[in-house]
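These notes concern the structure reproduced below.
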Amino acid sequence: WHSLLSPVLEVGLSVGIVATLALVSREIAPGRSLDVGAFVAFQRYLQKLIWPISALGYVLNMIQRGIS
């Protein structure tokens, strides 16, 4: 189960990044509501959230192992 979860998580994160780029790329244009700096900041914030969410999943997995 653990060997399957890691690749699925990596693919999910990659698909999320590509989807974010695809959806937001239309909004980055002169005169639009989003500039490049705001998008880069948003992308960096998303990347900083990856570790806490992964760590939470790891802790929940360890709790389940401990219970069983």
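Nothing in this text is a laboratory measurement; each read-out follows from the coordinates by a stated rule. Keep in mind the model is a prediction, meaning the values are calculated, not measured. As a convention, Cβ positions derive from the backbone with ideal geometry for all residues, glycine included, and neighbour counts pool all protein chains shown.
Miscellaneous remarks
- Rg(Cα)/(2.2 N^0.38 Å) for the chain, N = residue count: 1.51
- A cut-off of 5 Å between modelled amide H atoms, ignoring neighbours fewer than 5 places along the same chain, links Leu34 with Ala29.
- Sparsely packed loop sites in the chain (the trypsin sites (Lys or Arg not before Pro) outside DSSP H, G, I, E and B with at most 15 other Cβ atoms within 10 Å) comprise Arg26, Arg32.
- In order through region 32-38: 3J(HN,Hα) via Karplus (6.51 cos²θ - 1.76 cosθ + 1.60), integer Hz, x for Gly, Pro: 8, 7, 10, 9, 5, x, 5
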